[in-house]
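Q: One structure, pasted below without further comment.
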Amino acid sequence: MAHHSLTPKPAGPSAWEKAEASGTALAAAFAALREEFKLADAYPAEALADAEAAIAALTLPAEDATGIEFVTIDPPTSTDLDQAVHIERDGAGYRVRYAIADVPAFVRPDGPLDAETRRRGQTIYAADAKVPLHPHDISDDAGSLLADEVRGAFVWDFSLDADGDVAGVGLARATVRSRAKLSYAEVQEQIDAGTAAEPLLLLREVGLKRVELERRRGGASLNLPEQEIVPAEDGGYRIDTRGPRPVEDWNAQISLMTGMAAASLMIEGRIGILRTMPGPDEKSLRHFRRQTQALGAAWDGSVPYGEYLRTLDAAHPRHLAILHAAAALFRGATYTPFDGDVPAEHLQAAIAAPYTHTTAPLRRLVDRFVLVLCEALANGRDVPEWVRAALPRLPALMAASDQLAARVERASLDLVEAALLVTAVGQEFDAVVVSGSKPASGSPAAPRNGRPDQPLDRIASSQNGQEPAQARPFGTVQLADPPVTARCEGEMESGTTVRVRLVLADVRARKVLFELA
């Protein structure tokens, strides 16, 4: 839906608005954002020296798996390639081999690089740059599974039955060579056209069977459209919003399968660190049922909520509002370490199985420890003491980095949204109410929490610098063009389509505010 100006526009953008809309001002705003969140790209000299020494002394694994025609599938601009996959038929079933970057080969336990990666926790992605977990020479070169480069990897070897269920698992360090760096778009295009090589066609076949297994065990996912900040041709940025391609789900199923296999190894070995999440409590489920009923797509609880969510179409306004409301069912994820007794709460409820993170060691700290731990367990060896000692410390390190990553991602999106709209104050737009300020046809009032994913903070008025009256109702709306999600003042009902007027777009404050037109 394109926007249209139905109200008198100002004579022209102010000098500050012109500056804010320019690429130079935006670059300065991103620099200020990185400074605010203390995102230092520069590595300490000692950690860099440690990394350089590890690269120079690297010895590749003795097991040679370079004959396997692995490929990587990632966004086109990615260079930190953690995973490569190969699938072939094996009788009535399949053989899936999944190579994960051998990051532990570059990080000396308790050395300066280990200390710095623990401080960072994960790669942080801002709109204009990433702050990597590891130095670029590792994350984007020596440790990355780049095409036609010989690399070390942890190779998961799965035997699947005809239904795609796991019948056997192996894990070993090996030397590999990826044949191609593929993007999701080109793989989807090849599969749809029928021109893809057999391993990619089998990715669809296995992926669909794994999706069905997920459905049977009661797994759930929240398929909201993704918002991605990408560079624009004019030197600025734009926001692309789209639903996931099917190939992204099929590929994710291989990663989920690996995380579930790793969790099973750890549970059997009675040592590890799980990614756990409780299921929604009955109060949350009752509230969600009332919301779905009010929004005209009632879920009565006769099928699992994950199965119900699969029936929703984010392009439908009321379904979109339900998907936003469903975020309340996906809360409480954490890391749960254990050494001895397996914790009573050991499931990841959305996956409906025990699960852990193990497939992204270049970008996430915990995966490095899980890989080493699982390789030892899979081959009947003792878990290294440095891994065992780290387990109790990892949850706090990952929680801190998860919080920082979420704040930076939200702030980056807020900044770009404000920049996109800075010269459009006074214009009107079509929008969908994803979180209303009044009950939807008799449902309980939605909590006044601004964006669904961040606490509400009061936004100053563009007209007089005064804060809006506390009692004035507001909700959250999602525009179609540009794809912006923001606060809107006025009484509105979730799942409805409304006309809104932009009253504030402040790049410096990263704030956008609408009102009902």
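Q: Could you please tell me the mean projected area of the C-alpha convex hull for the range 238-367, averaged over all directions and given in square nanometres to one decimal? Walk me through the numbers on the way to the answer.
A: On the way: hull surface 40.1 nm².
Spelled out: convex hull of the Cα atoms, projected over all directions, averaged, 10.0 nm².
Q: Something else about it: Explain nothing, just compute: Karplus ³J(HN,Hα) = 6.51 cos²θ - 1.76 cosθ + 1.60, θ = phi - 60°, for every residue of the range 117-134 in order, whole Hz, x for Gly and Pro.
A: 5, 5, 5, 7, x, 6, 5, 9, 10, 9, 5, 9, 5, 10, 10, x, 5, 10
Q: Sorting check: for 491-504, 92-105, 28-41, which peptide has the highest mean count of neighbouring beta carbons within 10 Å, and how do the rest follow? Before the final figure, lay out each step's value.
A: Numbers: 491-504: 20.3, 92-105: 22.6, 28-41: 14.6.
In decreasing order of mean packing, 491-504, 92-105, 28-41 become 92-105, 491-504, 28-41.
Q: Using the Cα centre of the range 172-316 as the reference point, and only Cβ charges (+1 on K/R, -1 on D/E), how large is the resulting charge dipole? Debye, rounded to the nearest 20.
A: Charge dipole, the range 172-316, about its Cα centre: 680 debye, nearest 20.
Q: Quick one: Kirkwood hydrodynamic radius for the range 196-248, alpha-carbon pairs, angstrom, one decimal? Before the final figure, lay out the partial values.
A: On the way: mean 1/r = 0.0721 Å⁻¹.
Value: 13.9 Å, from the Cα pair sum.
Q: So who's got an amide H within less than 5 Å of the one on Ile124, skipping anything under 5 residues away but keeping other chains? H placed 1.01 Å off N, in plane.
A: Residues meeting the amide H criterion: Val131, Leu133.
Q: Hey, if you put +1 on the Cβ of every Lys and Arg and -1 on every Asp and Glu Cβ in the range 145-298, which of Gly170, Leu145, Ser183 ends up farthest toward the positive end of that dipole?
A: Highest projection toward the positive end goes to Gly170.
Q: Taking the Cα centre of the chain as origin, sum charge times position over the Cβ atoms of Lys and Arg (+1) and Asp and Glu (-1), and report the length of that vector in debye to the nearest 20.
A: On the way: 54 positive and 72 negative charges, 339 e Å.
Its charge dipole is roughly 1620 debye.
Q: Taking 7 Å along the Cα-to-C-beta vector as the label spot, tell me the Glu268-Asp382 distance in nanometres, rounded to one decimal.
A: Between Glu268 and Asp382, the simple spin-label model gives 2.2 nm.
Q: Continuing with this model, one more query. Just to check I understand the Karplus step: with θ = phi - 60° and J = 6.51 cos²θ - 1.76 cosθ + 1.60, what whole-Hz values come out for the range 394-401, glycine and proline as x?
A: Working through the residues one at a time gives 5, x, 5, 5, 6, 4, 5, 6 Hz.
Q: Just to be sure I understand: of the beta bridges DSSP finds with both ends in the chain, what percent are antiparallel, rounded to 5? Show your work: numbers first, answer last.
A: Numbers: 65 of 76 bridges.
Percentage antiparallel, nearest 5: 85.
Q: Per residue, how big is the convex hull around the C-alpha atoms of the range 303-439? Give it to me in cubic angstrom, could you?
A: Working: hull volume 25.7 nm³, N = 137.
It is 187 Å³ per residue.
Q: Can you pull the percent of Cα pairs in the chain with separation above 29 Å?
A: Working: 75710 of 133386 pairs.
Distances greater than 29 Å cover 57 percent of the Cα pairs.
Q: In terms of modelled amide H atoms, which long-range or inter-chain residues lie less than 5 Å from the amide H of Ile351?
A: The list, which skips near neighbours in sequence, is Ala220.
Q: The range 249-318: which trypsin sites (Lys or Arg not before Pro) are DSSP loop and have at most 13 other beta-carbon atoms within 10 angstrom? Kindly include the intermediate steps, with their values, before the conclusion.
A: Values: sites: Arg270, Arg275, Lys283, Arg286, Arg289, Arg290, Arg310, Arg318; in loops: Arg270, Arg310.
Of the trypsin sites (Lys or Arg not before Pro), the ones in loops of the range 249-318 whose Cβ has at most 13 other Cβ atoms within 10 Å are Arg270.
Q: Each label point is 7 Å from the Cα along the Cα-to-Cβ direction; what then is the distance between the points at Glu491 and Ala389, in nm?
A: A separation of 6.4 nm, rounded to one decimal place.
Q: Evaluate 2.2 N^0.38 Å with N set to the residue count of the range 131-288, then give the Cα radius of gyration divided by it. Don't skip to the end; give the middle numbers.
A: Details: Rg = 19.0 Å, N = 158, 2.2 N^0.38 = 15.1 Å.
Output field value: 1.26.
Q: Which translational diffusion coefficient, to the nearest whole µm²/s, is obtained for the range 342-393 from the Stokes-Einstein equation, given a Kirkwood hydrodynamic radius over C-alpha pairs, 4 °C and 1.567 mPa s?
A: Values: Rh = 12.3 Å.
Rounded, D is 106 µm²/s.
Q: How many percent of the accessible area of the chain is carbon or sulfur, using a 1.4 Å probe? It would help to have the intermediate numbers written out before the result.
A: Numbers: 11470 of 22680 Å².
Percent of accessible area from carbon and sulfur atoms in the chain: 51.
Q: Right, another one. Of the peptides 174-187, 387-400, 345-358, how do they stack up when ordered by the mean number of other Cβ atoms within 10 Å, highest first? Provide the component values of the computation, followed by the final result.
A: On the way: 174-187: 19.1, 387-400: 16.5, 345-358: 21.7.
Highest mean packing first, the order is 345-358, 174-187, 387-400.
Q: Also, I was wondering about something else. For Leu58 and His136, what does the FRET efficiency come to when R0 = 22 Å and r is the distance between their Cβ atoms, rounded to the nearest 0.05? Can you show the working numbers first?
A: Details: r = 16 Å, r/R0 = 0.74.
Efficiency, from the Cβ-Cβ distance: 0.85.
Q: More than 15 Å apart: what percent of Cα pairs in the range 33-109 qualify?
A: Details: 2143 of 2926 pairs.
Here the tail beyond 15 Å accounts for 73 percent of pairs.
Q: Answer with one residue from Gly272, Ser284, Ile239: the one whose Cα lies farthest towards the positive end of the charge dipole of the range 218-310, charges on Cβ with Lys, Arg +1 and Asp, Glu -1.
A: Ser284
Q: Something else now. Rounded to the nearest whole Å², what accessible area per residue is found for the chain with the 1.4 Å probe? The partial results should precede the final answer.
A: On the way: 22680 Å² over 517 residues.
Result: 44 Å² per residue.
Q: Follow-up question, since we're still on this one. Give me, ordered by chain and number, the residues 5 or more places off Lys511 or on other chains with an amide H under 5 Å from its own placed amide H.
A: Asp506
Q: Measuring from label point to label point, each 7 Å out along Cα→Cβ, what is the Asp481 to Glu233 span in nm?
A: 1.6
Q: Taking a point 7 angstrom from the Cα of Asp163 along the C-beta vector, which residues in the range 179-216 have backbone N less than 16 Å away?
A: It comes to 206-216, nothing else.
Q: Which whole-number percent gives the relative contact order of the range 84-191, counting Cα pairs below 8 Å spaced six or more residues apart?
A: On the way: 162 pairs, mean separation 30.9, N = 108.
Rounded, it is 29 percent for the range 84-191.
Q: Still on this model: Over its Cα atoms, what ratio of radius of gyration to 2.2 N^0.38 Å does the range 354-432 give?
A: This ratio for the range 354-432 stands at 1.81.
The values are calculated or read from the model by the stated rules, or taken from the named source; none is laboratory data. In this text the structure is predicted, and so the values were computed from the model without any measurement. Ideal geometry is used to build each Cβ from the backbone, glycine not excepted, and the neighbour counts take in all protein chains shown. Heads up: the accessible areas ignore ligands, DNA and RNA and are worked out on the full protein's heavy atoms, side chains in. Shrake-Rupley method; radii C 1.70, N 1.55, O 1.52, S 1.80 Å.
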